[in-house]
Structure formats: C-alpha cells, structure tokens
Amino acid sequence: MHSTALLIALALLGVIWAQTISVPPCTMCTYVVNQAQAHYKKGEKKDDVGKELNEDCKSLERFYGKQAVKDCQDWMKSNLDTIYADMQAGKTQTEICTDIGECGVITTPMTTRTTTTATTTTTTTTTTTPVDTCALCTSVIDTARNFFDNQITNEQKLKDELVLICKSLAAAYDQRIVQGCLDDVSTYIDVIFVDLVNGETSSQVCMDMKECQ
C-alpha cells in the first residue's frame, strides 16, 4: 500500500478480513472510479487511463489475493468505455457506478451503512447494517500487524501504515467512519505501538483503545 490515491477498502462485510474475501462489485466500482477520477486529466486518452487503472488493480492483491487483481483488471476493461465517457460528461462517482449497474444509491450515517435500491419507479427498499466498530478496529490492527509480519519496531512507520489503512476504508464506508479511524490512530498510536510490541492481541489493543469491551 504505497502510492495510489485511494486504496481499496478492507471492508468488514460480516467477516474478518482475509485474502480469500471476494471484492464486492460496488466496492470494486467505487475503487476503480475513484482511481479513474484521480488520474483523469482533461483531454487524457482513454487508453492511458486504462493503463493506469490496470496498475491500480494490482493494489488489491495484498488484501484480496491475486484472483481479485485479475477480476478487477477484467472488470475495468469491460467497463472502461462507460467510465471514460461518464467522466468526460462530468458525472459523479455514484452516477457512474449506477450507470454500470454495480451500485445503488448509498448513504451512510456515522455507525451504519445504508443501501437504498429502487425496486419500482415509485417504491424503494432500504436496508441498514450496523458497523461493528470493535470488529472493524480489530481488522485494522490485524492488517497492520500482518503488514509488518509482527516485527513492529518503529512507531512512526506503524502510524503511517495505519493511516493508509484507515483511508482505504473510504471505498466502502462513510467519510465519518474513515475520520473516526484516523482520529483513533492519532489519539491511541502510543497505546497501539506499545501493545503490539508487547505481543498483545488485536482484540486487547482495541479494548485499550476503548473500541471493544
């Protein structure tokens, strides 16, 4: 996780993160469109945007495995025409992903993720899933721990990695969830560092951060 403008979220979708988790279609669309919008410059050729996105897809391997990279690259090639045309038309990320058919209209309160999908021209169905902040915290700490292969010796490097992980949540969560993660890192980095150096479990770290009971 290094130079891309926005890394794909390690989204907690009912399970703890692992490289075997498949990438939800809406999450992949959000990621690709975010990257496309970051790369896109007025007048830039479609093929050039496609080459950049092909590289961006490779950042999925760390979180989701090699198959996710291939799926992302195949998906990007299939939808590049729509992504490029919609960007030229000035459409938003939500409009583009809706045009592609991967996302509905998504709105997310601070501790919930809500998806609203039109079922008819006059009727909508809304499903709200609470965000388990304890499990999310545990997953963030697990991801950082795995990145350093449990060899954590530099607090600043740990903080930098945690900040990147928090930012990667933006593809699946409301900005307030991302900001909450960043705030926790800023507030508790000393605690996180000491706990991890002392071999505490991720659950214990999050208890010390007051995210778990």
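No value in this document is a laboratory result; all are computed from the given coordinates. None of these values were measured; they are calculated from a predicted model. With ideal geometry, Cβ positions are generated from the backbone for all residues, glycine too; neighbour counts draw on all protein chains shown.
Between CYS212 and MET207, the built amide H atoms are under 5 Å apart, and every one of these is 5 or more places off in sequence or on another chain.
Over 22 Å between Cα atoms, which of LYS45/LYS77; LYS70/LYS91; LYS41/LYS77 qualify? Walk me through the numbers on the way to the answer.
Working: LYS45/LYS77 15 Å; LYS70/LYS91 27 Å; LYS41/LYS77 19 Å.
Where the Cα-Cα span goes over 22 Å, the pairs concerned are LYS70/LYS91.
Label-to-label distance for GLN156 and ALA89 is 4.8 nm, based on points extended 7 Å past Cα in the beta-carbon direction.
Classification of the stretch 130-208 by its C-alpha gyration tensor yields a prolate form. The axis ratio a/c (a ≥ b ≥ c) is 1.5 or more, and a/b outweighs b/c.
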